[in-house]
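Participant: Can you keep this structure in mind? I'll have questions shortly.
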Amino acid sequence: MPRKARSYKRHPIAADYKYNSVKIAKFINYAMQRGKKTVATKVVYGALDNIEKEMKTDPKVVFEQAVRNVSPILEVKGRRIGGANYQVPMEVQEPRKTTLGMKWIIDAAASKKGKPMAVKLATELMEAYNKMGAAIKKREDVHKMAEANKAFAHFARFQRR
């Protein structure tokens, strides 16, 4: 039985005002806590300003490459087949790919202690750009899990009913 289409139109996200980028606007929304968007905007722009100071390059390019580096290719999803739960490796489709990448960068920055969030976020973005740091480790862990469960990949074609 095919899935029913959405009964509503998805709200398009407006590009942010400083870099004119929809990805950065989405990143600000993911960084936001308790509806405080101005705080999240200051944190993200502060992080991008720090990147510009330290790396002396366009922070938008660094940000986009960092998100691309952290975004996973494979992930595992639990599937119940014949009374047993299997961790089935599956390819990650595009909107989820960047969403996971952005959330992992924010989580990795938030887990660090002792500095303002803008500084931690800038550090994590620069590390992700250089393929290092906690967010990259998270991606590698997810890929290792998918590789370890490769034997169950044939269950991916079974659809839920």
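The values are calculated or read from the model by the stated rules, or taken from the named source; none is laboratory data. These figures come from a predicted structure and were not determined experimentally. With ideal geometry, Cβ positions are generated from the backbone for all residues, glycine too; neighbour counts draw on all protein chains shown.
Participant: Filter the stretch 81-140 down to the residues that are among the acidic types (Asp, Glu), in a helix (DSSP H, G or I) and over 13 Å from the mean Cα position of the chain (by Cα) and list them by number.
Facilitator: GLU127, GLU140 - these are the residues of the stretch 81-140 that are among the acidic types (Asp, Glu), in a helix (DSSP H, G or I) and over 13 Å from the mean Cα position of the chain (by Cα).
Participant: For the stretch 62-120, enumerate the residues that are under 17 Å from MET145 (Cα atoms) and among the charged types (D, E, K, R).
Facilitator: Within the stretch 62-120, GLU75, LYS77, ARG79, GLU91, LYS97 meet the criteria.
Participant: Just checking: which of the helices (runs of 4 or more DSSP H) contained wholly in the stretch 1-72 hold 2 or more residues that are of a type in the set (Lys, Arg) and surrounded by fewer than 15 Cβ atoms within 10 Å (Cβ to Cβ)?
Facilitator: Because the criterion is at least 2 residues that are of a type in the set (Lys, Arg) and surrounded by fewer than 15 Cβ atoms within 10 Å (Cβ to Cβ), the helices (runs of 4 or more DSSP H) in the stretch 1-72 that meet it are 37-55.
Participant: Of the numbered conditions (1) at positive phi; (2) modelled with pLDDT under 95, ARG34 fails exactly one; give the number of that condition.
Facilitator: Checking ARG34 against (1) at positive phi; (2) modelled with pLDDT under 95, the one that fails is (2).
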